[in-house]
Amino acid sequence: MGDARHLSPSAQEALRLRAVAALVAGRDRENVAAVFGVSLKAVDDWWAKWQAGGREALAMRPRGKPVGVHQVLDEAEQAAVRQAVLDHRPCDVGLSGQLWTRRLVGELIVELYRVRLTEPGVGKYLKRWGLSFQRPDKRAVEQDPRAVRRRHEETWPKIRAKAKKDGGEILFADQVGIRSGQVTGRTWGEKGKTPVVRRSGNRFSVNAMSAISTKGRMHFMVLTESFTAEVMCRFLDRLAGHFDHKVHLVVDGHSAHRSRKVRDWLAAHSEDVELHFLPPYSPELNPDELVNADIKHSLPRQHRARDQAELTAETRRFFRRRQRQPHIVRGCFGGPTVRYTLDENLMII
């Protein structure tokens, strides 16, 4: 087993990115470790970092002066600015906008301490504070924090206890739409000018329903029609057929999930499947949301379907590949907002 630590920081970053790209493409972790000459622990660590923070989490860390050398703000002032950035939006403290940029952090420092820094200077502080520039996790303003708290403190323990008593298994399910011409990620372009990616006018899409468990199990159904109550009943039929014990299925409040047709199906199959609902406007509590993000990230990077049939086939291949990668499915349960599913003593407040 080789040691990547002798490589330069940029070479180490390239190695991490290539290894994660191989995992995303469907290579198993043992194969990736062997090909790149690293340990399984390193592969697992890189995959976890990529899931939590994307490409930036795998980037090399700059080697500069130690903290405290030639700084304009003292430690207490730095701590205050850092906490303000984490706890508030710019508009909450009298500035413009909802997202922090280096310019706005600089304006905050001017307001608080009458110290004016260049944007690169602000960036150095932000890096020293362990912050990175990333896409924010968007939460609906309609979300009720009390309902989320009640979910963790009361509802979820009851679901776990019921599944244990039934000898059943808990799965989380969600539906996703995949569109042709969907563009994700970033590209290089002329500075100050947004790159334009030209797409075909031939638009088509497919839908998919998936369900995952903490055991790394995944079930799915790909369809070309819209997601309706009839489709949900078909999915429940197929799901029940894969188990010899009861399934406790956690879903969001989609109208199809709460329809009369689905309620009638559940009443006729009460020994097979029981439905449980997430609080309204709380997709971050569903681990299967990461599967949706995974497929939207993976498909456009690997292929470009020319018609609906090709997009359907690519979507099925993606899910079948993930079925053979239970460690990736289990990784969907490791994020901070869904870790409650793994530890009965862990509650997210």
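If I take R0 = 45 Å and measure r between the Cβ atoms of A11 and D144 in this structure, what FRET efficiency does the formula 1/(1 + (r/R0)^6) give, to the nearest 0.05?
Working: r = 49 Å, r/R0 = 1.08.
Plugging the Cβ-Cβ distance into 1/(1 + (r/R0)^6) gives 0.40.
Exceeding 30 Å between C-alpha atoms, which entries from my cross-link table qualify? They are K41/K215; K164/K296; K165/K261; K49/K296; K49/K124.
The answer is K164/K296.
Determine the gain in length on full extension of the stretch D307-A293; use 0.36 nm per residue of separation and subtract their C-alpha separation, reporting nm with one decimal.
Working: separation 14, 0.36 × 14 = 5.04 nm, distance 2.18 nm.
Separation in residues times 0.36 nm, less the Cα-Cα distance, equals 2.9 nm.
Treat the count of other C-beta atoms within 10 Å as a stand-in for reagent exposure and order C91, C233, C332 from fewest to most.
Numbers: C91 12, C233 18, C332 25.
Arranged by neighbour count, lowest to highest, C91, C233, C332 become C91, C233, C332.
If you find the alpha carbon centre of region 80-125 and of region 32-51, how far apart are they in angstrom?
When both Cα centres are located, 36 Å separates them.
How would region 75-128 be classified by its alpha-carbon gyration tensor: rounded, prolate or oblate, with rounded meaning a/c under 1.5 and the a/b versus b/c comparison settling the rest?
Cα axes put region 75-128 in the rounded bin.
What order do you get for D28, D288, D272, D244 when you list them from fewest to most C-beta neighbours inside 10 Å?
Ascending number of Cβ neighbours within 10 Å: D244, D28, D272, D288.
Compute the distance in nm between two label points, each set 7 Å from the Cα along the Cα-to-Cβ direction, one at S39 and one at Q83.
The modelled label-to-label distance comes out at 3.7 nm.
What order do you get for S210, S8, S132 when you list them from fewest to most C-beta neighbours inside 10 Å?
If I rank by nearby Cβ atoms, fewest first, I get S8, S132, S210.
Readers should treat all values here as calculations from the given coordinates under stated rules, not as data from a laboratory. These numbers come from a predicted model, not from an experiment. Reconstructed Cβ throughout: ideal geometry from the backbone, glycine too, with neighbour counts over all protein chains shown.
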